[in-house]
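Single-structure report; data block below.
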Amino acid sequence: MNPDARRSQILDMATRVFSESGYGGSDMQGIADALGIAKGTIYLYFNSKKELFLAATLRAIENLANTIKREVKTASGPLEKIRAIIGAHLRFSSENRDLAEIIARERGEFLAHAEETYYKVFSENTKYLEEILRYGITDGIFRDTDVEQTTAILANLLAGTIFTHTLRQGRNETGPSTDAITDFLLNSILYERNIL
């Protein structure tokens, strides 16, 4: 197996193990055993469990960021772009439960590191929302609000909803749909004539 493929294989298994057992409940030997390889092989790619965990988290976050960028790029108009961001988050957490779980775990295990990973992507998403809101205000779709504060509120509500959605999946519960979240978030900023 070539080095890139092996590294990816290790990250895949590590993501699964960390998402199921948490950082404290996992070890390099268990990951190696699950892969059917020697523990030393993992150390050829990652110097420690922490490095492996953070690499797996970063990859998960980059996957989420790329999903959001792709969805926003193909959506037309401010309403559809915001709906695309919400939908991308929900689909990601539904279709990539291990990845969503490891992102959530990072915030608890390594809060300082999360400033450079999760919160970096969160900040990029906030920029998307801010641009969309400004465009919507200029276009007469949204009320003329304090864009920075409104963006911060929407972004935080969305982030909280996504993590709750991830937890609900673990309990086989159904969370709110993309349409329900979009309607709730946007009806507060739409002109009355544009209410969803």
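If R₀ is 35 angstrom, what is the calculated FRET efficiency for the pair Q29 and T74, using the beta carbon separation as r and rounding to 0.05? For Q29 and T74, the calculated efficiency is 0.20. For K81, a cut-off of 16 angstrom between C-alpha atoms picks up these lysines, skipping any fewer than 8 places away in its own chain: K69, K73, K127.
The R134 and R6 beta-carbon pair, evaluated with R₀ = 45 Å, returns a calculated FRET efficiency of approximately 0.50.
Footprinting exposure proxy ranking of Y23, Y45, fewest other C-beta atoms within 10 angstrom first, gives Y45, Y23. This ranking places K39, K73 by how few other beta-carbon atoms lie within 10 Å of each, fewest first, which gives K73, K39.
Net charge in the neighbourhood of I86 (other residues with Cβ under 12 Å of its Cβ; Lys, Arg +1, Asp, Glu -1) is -1. Legend: calculated FRET efficiency, D144 to N187, from the Cβ-Cβ distance at R0 = 22 Å, rounded to 0.05, equals 0.85.
This ranking places D183, D144 by how few other beta-carbon atoms lie within 10 Å of each, fewest first, which gives D144, D183.
Bear in mind that the values in this text are calculations on the coordinates, not laboratory data. All figures in this text were calculated on a predicted structure; none of them were measured in a lab. Here the Cβ is made from the backbone with ideal geometry for all residues, glycine too, and neighbour counts use every protein chain on show.
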